[in-house]
Each structure stands twice: as structure tokens, then as C-alpha cells.
Amino acid sequence: MQFVHTARRLTNPQNANGVTTMSTSDQRLTGTAVVPLLYKPEEVAVQLRISRTKVYALLRSGDLRSVKIDGCRRIPVAALFEYVAHLEGRAA
């Protein structure tokens, strides 16, 4: 996971109730990880340590769920966990 550092000064913003809030850019400055909800097939290949071609084969076979946003194929985080759990179930 990459951390992005910007020259923006870190502030302590508060909402109307006086509760401290943190924006995504503030999270990047402080090193707090922002976990994506959807991954590109290439990112899934890196996470699972398999080839991009294998990821597309899993998508075609229905073993790995995905969604489409316009023309972009994305894999939900939950689908990755389901796939790995399925693999663990087969290995047991």
C-alpha cells in the first residue's frame, strides 16, 4: 500500500457538533490506510499472487464475483474473501 504525502498542512477540522473529523487527504498525511471497496483485476492478481490472465479466467468461470461500473470491471473486497474461503473449504 502506498502512502501519499502532500505539502498540505494538517489541521484539526471539526463538524457542527464539535466532533473532530478527518478527510481522506488528512488520512494520507497521517499514514492511516484507506482500504478500497473495489479492486481492479490487476490489483487482485497482486493480492492473490496469481497472473492477471488467471484472474480473468476466474471471473469468466464465475469463481470470482465482480461488478461493472460503465465499462470497468471491479472486484469487491468481499468477493476476494469469499473466494479464499472457498479455496480453504476445498483444501480441508
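Remarks
- Taken over segment 21-46, residues that are part of a helix (DSSP H, G or I) and modelled with pLDDT under 95 amount to 7.
- In summary, Gln2 fulfils each of the numbered conditions (1) at pLDDT below 95; (2) part of a strand (DSSP E or B) with the single exception of condition (2).
- Within the option set Arg52, Arg60, being among the basic types (Lys, Arg), surrounded by 14 or more Cβ atoms within 10 Å (Cβ to Cβ), modelled with pLDDT of 55 or more and out of contact with any Ser or Thr (no Cβ under 8 Å at 6 or more places or on another chain) holds for one residue only, Arg52.
- The set of residues from segment 53-85 being more than 15 Å from the chain's Cα centre (by Cα) and either touching a residue at least 40 places away in the same chain (Cβ under 8 Å) or more than 21 Å from Val35 (Cα to Cα) (or both) comprises Thr53, Lys54, Tyr56, Ala57, Leu58, Leu59, Arg60, Ser61, Gly62, Asp63, Asp70, Gly71.
The values are calculated or read from the model by the stated rules, or taken from the named source; none is laboratory data. Quantities reported herein were computed from a predicted structural model and do not represent experimental measurements. Methodologically, a virtual Cβ is constructed for each residue, glycine included, from the backbone with ideal geometry; neighbour enumeration extends over all protein chains shown.
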